[in-house]
Each structure stands twice: as structure tokens, then as C-alpha cells.
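To start, the structure itself, in C-alpha cells.
The values are calculated or read from the model by the stated rules, or taken from the named source; none is laboratory data. The model shown is predicted, which means the values in this text are computed figures rather than measured ones. Methodologically, a virtual Cβ is constructed for each residue, glycine included, from the backbone with ideal geometry; neighbour enumeration extends over all protein chains shown. Side chains are part of the model used for accessible areas, which takes the heavy atoms of the whole protein and leaves out ligands, DNA and RNA. Shrake-Rupley method; radii C 1.70, N 1.55, O 1.52, S 1.80 Å.
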Amino acid sequence: MPDIVFLDSHLHLQDPRFNDRRAAVIERAVGAGVARMFCNATRQSDWHHVLALAKGSHAIVPFIGIHPWYCDTATRDWQQELTEILETTRCGIGEAGLDRHCSCDMRLQEKLFIAQLQLAIDCQRPLVIHCLGSWGKLFDILDSQTKQAPMPPIMIHSFSGSQEVMQRLVKLGCMISFSAKIAAPGQERLRQVFLRTPLFRVLLETDAPDQLHVDISWYNKNPEINEPSFIAALYAFAANLHHMDLQDFCGQIWQNGTIFTDTAFSRR
Ligand SMILES: [Zn+2]
């Protein structure tokens, strides 16, 4: 293994946009030192693809769940299918959450999110949360659902909320994952939130193939889509913001990722 290893804490390698290049993308990532990738399902129909990808590479950690955008594609037996996968597979739950800006009915989003949170609590599996415009609702649900039982490990992916929201999430024990948006022009407020997030709670992600911030000069080859190998530049940028040695910074984030997935890893 190289001296510096990177963790990409959120991406979607199963996305059809990778169909003509998936093996090369994974090879490039591993070659660039990306030794762990948290690959998130978004809907029931991609669960087995995500699991197969994880079987094919030690670097890929599967997260199985239903994204708020795709709540209305879940079949009647989705919960049973997910429970069976959790019983037999070392995986986390995700991507789940709440999104006020998408067309899926909010009540349905809440129902599916609560069910996935409950499974994460019951099985003590790490849970990846997507939350846009719904922080109040998210805190209400987390408060009520975790009153009786210990919180599962939770990551808020692609965080772009306020400092107050970040502090509340940190208090609850959540990991906060940042994308390359922290390096984009005009994101000074988010950069300050990133810098104020306790380092032992920080994760970094590409969200590939999404979130290609074309205005960031690292992507000098004009790629069409984002890919995990690009995360090396985000680590360099973030370590620099913290005035930290790159190796020390990467070591800390790697450790955070390991703590986040520990329960799933120790199952088998
Ligand atoms: Zn995502």
C-alpha cells in the first residue's frame, strides 16, 4: 500500500454513467491511492449491482438503501429485502434521507427514512444521510427514534448546512462528509464551516459521478463526469486549509472512516 491512502466516503460506482468505463475508473482510483470507497445504492434496483461491485474489490464498501429521490420506486417488500441483505452481508445503509427540493412526496420520504433509520438502529449499521432543506424534520426524527436505543453511526453526506446545524450534528455524534464544493469559488461560508468541524468528525467524498465542479482547476483534463481518483486533489486542498501535513490529515480521515464502518466490519 502507498504511504498515503485516501478514503472516498460517498460515491455511486453503480451509476449507468460509468457503464463504459467502470473498470478503468476503479483501477485509476486504486492507482491514485484511493484504498476505500463507500459505494452508495440509491434504489432497490441497484442494490445487487452495488453488492457485486463490493465483492469484486476490497476497496469498495457497500451501502444499501433508498435515496429520497427514488422513494416512489420502492416495491412493497423493499424492507424485507433490505433486512435479508443486512442479515447476510457486511454493509451499511444508504443513501437515505430527506429532500425538500425533490418531487417525491415528503410523507413517503419520511416513512422510508424512518424505516431505514430503524434498521440501522436495530442492526447497529452505519447510515448515510442525504438532507436538503429538511434539517428541522431530520432532528425531530433523530430525537424521537433514538430516545430508547443507541444512535447508529451516522454520516451526513455532502454537507452544505450552517455552522449551527453542523454543531448540532456533531453533538449527536454524526460524521460530517464534505465534497469538493468546499474548494469551489464563492463557498467561503462552507469553507469556514468545514474548518470549524472537529477533525475527528470530518470525512471527504467525491459523490461521483455527480458533483463535478468544473470551475475547480484540478479537473484540467475536462472530464465529463466526476470520478474517485479526483479525491486526491480534494485531500491536498483540505489539508492545506487546515495547515496540516497531507499524510497526517489523510491518516485522521482514514481513521474516521474506519470508526464509522466499524460495526459493519466486525459482523463477519
Ligand atoms: Zn449520493
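What to note about this one:
- Consider the stretch 88-115 and keep the residues that are of a type in the set (Gly, Ala, Ser) and within 14 Å of the ligand (Cβ to nearest atom). The one that is surrounded by the fewest Cβ atoms within 10 Å (Cβ to Cβ) is 97.
- Residue match in the stretch 64-85 (condition: assigned to a helix (DSSP H, G or I), open to solvent by less than 20 Å² (accessible area, probe 1.4 Å), within 23 Å of residue 260 (Cα to Cα) and in contact (Cβ under 8 Å) with a residue 60 or more places away in the chain): yes
- Some residue of the stretch 41-55 being open to solvent by 10 Å² or more (accessible area, probe 1.4 Å), within 19 Å of residue 127 (Cβ to Cβ) and of a type in the set (Gly, Ala, Ser): yes
- Residue count, the stretch 1-23 (criterion: within 13 Å of the ligand (Cβ to nearest atom) and assigned to a loop (DSSP other than H, G, I, E, B)): 4
- If you go through the stretch 65-95 and pick out every residue that is hydrophobic (A, V, I, L, M, F, W, C) and closer than 13 Å to residue 125 by Cα, you end up with 5.
Per-residue answers, yes or no, for (1) away from the ligand (no atom under 16 Å from the Cβ); (2) within 18 Å of residue 239 (Cα to Cα):
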position	(1), (2)
117	yes, no
125	yes, no
156	no, no
166	yes, no
173	yes, no
188	yes, yes
204	no, yes
212	no, no
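- Residue check for residue 85: within 17 Å of residue 38 (Cβ to Cβ), within 16 Å of the ligand (Cβ to nearest atom) and at pLDDT 95 or above: no
- Restricting 230, 237 to residues that are of a type in the set (Phe, Trp, Tyr) and within 16 Å of the ligand (Cβ to nearest atom) narrows the list to 230.
- Residues satisfying the stated conditions in the stretch 166-182, i.e. within 15 Å of residue 211 (Cβ to Cβ), in contact with a helix residue (DSSP H, G or I) (Cβ under 7 Å, 6 or more places away or on another chain) and open to solvent by less than 20 Å² (accessible area, probe 1.4 Å): 178, 180, 182
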